[in-house]
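What follows is calculated from the coordinates using simple rules that are stated; it is not laboratory data. A quick note: this is a predicted structure, and the numbers were derived from the prediction, not measured. Cβ coordinates were reconstructed from backbone atoms using ideal geometry, including for glycine residues, and neighbour counts include every protein chain displayed.
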Amino acid sequence: MNGTLDVILRLVAVLVVFLVLPLVVGQTEHKVMAHMQGRLGPMYAGGFHGWAQLVADGVKFAQKEDVVPEGADRRIFQLAPVVSLLPYLLVMIAIPVGPHGFVGQSIDAGLFFVLAVMGVGVLGSLMAGWASANKFSLLGGLRTAAQLMAYELPMLLAGASVAMAAGTLSLPGIVQAFHWWWIPWQIVGGVVFFTAGLAELQRPPFDMPVADSEIIFGAYTEYTGLRFAMFLLAEFAGIVVLCALTSVLFLGGWHGPWSGSLGWLWTLVKTGLLAFVVIWLRVTYPRLREDQLQKLAWTVLIPLALAQIALTGIVKVVTS
């Protein structure tokens, strides 16, 4: 009975985090972009520092009519937002936040699990683009498919380097095996993993599938109301997942001063700092073209990831 209660409490905690942290990231993005780009709306809605902007957005989405295009494949059109959002909830279950079992569910092959499940989320964009009966949506879906060839391999190779160094695929095991000298040793893999993750989330400068100046809003052009809000929530949840994974794999997760009692706080701090970098990149860099992303992946990211794996193998042999 106690075991069942423990599992239920863990799942409830993960669900609360899943509902709260993406909203915090979304609100933070409003504020950071408002400061960096001089946007007035997010700074004044509701009075003090625009605190009501997130509430206003939520009310706006809830009031909008749920429209399905006449020629759309209704079932797939309605299912696509769920397919985009659900994988990130499953991934959060496996990410360790702190020591002493501070995780929704510990999985022996946790790294393999999270990378595989994250790859499912892209199906939501493909489904939305195909089912919308809109040429701009179809182009967005095709661009999403094209980006798969760019980011999947370098992301997997960078994750494999960390698994080799730790000698385990378990995410808690990787954090437990972490030493601070890993940061300069694995930093190249961390940059590759983070960059490929941005491409998977379709975040600037890799937001070609939703390029509003070219294809309106890509696969999501025909979506309105709460279904569109689900795609936005999936994007912010993806930011949380990517930053938390980068923290766990390359920055030591809960390691820090007084990690025994404050380990969960260190994980959240590192995740928050990385999320700020994601927002900062959106404000700073222009959008790439698809061919530029492919060139970056196959001529820079993949060679760097392979070099990181080779270095990890050499270090493991020398130190064993």
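Sorting check: for 78-86, 312-320, which peptide has the highest mean count of neighbouring beta carbons within 10 Å, and how do the rest follow?
Numbers: 78-86: 20.1, 312-320: 10.7.
Ranking, from highest mean packing down: 78-86, 312-320.
Indicate the gyration tensor shape class of the range 248-304 (rounded, prolate or oblate), computed on the Cα atoms with a ≥ b ≥ c the square roots of the eigenvalues: a/c under 1.5 is rounded; otherwise a/b larger than b/c is prolate and the rest oblate.
Cα axes put the range 248-304 in the oblate bin.
Along the positive direction of the dipole of the range 55-171 (beta-carbon charges: Lys, Arg +1; Asp, Glu -1; about the Cα centre), which of LEU139, SER170, LEU115 reaches farthest?
Towards the positive end, the residue furthest out is LEU139.
For a test of the definition: using alpha carbon positions, the gyration tensor, and the 1.5 limit on a/c, classify the range 47-159 as rounded, prolate or oblate.
Oblate, because a/c is 1.5 or more while a/b does not exceed b/c.
If N is the number of residues in the chain, what value comes out of its Cα radius of gyration divided by 2.2 N^0.38 Å?
Taking N as the residue count of the chain, the ratio is 1.02.
Please list, in chain and number order, the residues 5+ apart from THR224 or on another chain whose amide H is under 5 Å from its amide H, with Hs placed from the backbone.
VAL67
Give me the net charge for the shell around TYR151: Cβ to Cβ below 14 angstrom, other residues only, Lys and Arg +1, Asp and Glu -1.
Counting the neighbours of TYR151, the net charge comes to -1.
About the Cα centre of the chain, how large is the charge dipole given +1 on each Lys and Arg Cβ and -1 on each Asp and Glu Cβ? Please answer in debye to the nearest 20.
360
Taking the Cβ of TRP298 as the center, what net charge do the other residues with Cβ under 15 Å away carry, scoring Lys and Arg +1 and Asp and Glu -1?
Result for the neighbourhood of TRP298: -1.
Reported to two decimal places, what Rg/Rh ratio describes the range 34-90 when computed on Cα atoms with Rh from the Kirkwood expression?
1.16
Along the range 189-201, what does the Karplus equation 6.51 cos²θ - 1.76 cosθ + 1.60 (θ = phi - 60°) give for ³J(HN,Hα), rounded to whole Hz, x for Gly and Pro?
x, x, 5, 4, 4, 5, 5, 5, x, 4, 5, 5, 7
Provide the per-residue ³J(HN,Hα) series for the range 128-139, in order, calculated from phi with Karplus coefficients 6.51, -1.76, 1.60 and θ = phi - 60°, each as a whole number of Hz, with x at glycine and proline positions.
For the range 128-139, the Karplus curve yields 5, x, 6, 8, 7, 6, 9, 5, 5, 5, 4, 4 Hz.
Projecting each Cα onto the charge dipole of the range 2-319 (Lys/Arg +1, Asp/Glu -1 at the beta carbon, about the Cα centre), which of VAL82, ILE187, ALA160 comes out farthest on the positive side?
ILE187
Where Lys and Arg each count +1 and Asp and Glu each count -1, what net charge lies around VAL283 among other residues with Cβ under 12 Å from its Cβ?
+3
The range 240-281: D in µm²/s via Stokes-Einstein (Kirkwood Rh, Cα pairs, 10 °C, 1.306 mPa s)?
157
When 1/r is averaged over all different Cα pairs and the result inverted, which Kirkwood radius in Å belongs to the range 136-224?
14.7
Neighbour counts of other C-beta atoms within 10 Å: give me MET164, MET36 arranged from fewest to most.
Ascending number of Cβ neighbours within 10 Å: MET36, MET164.
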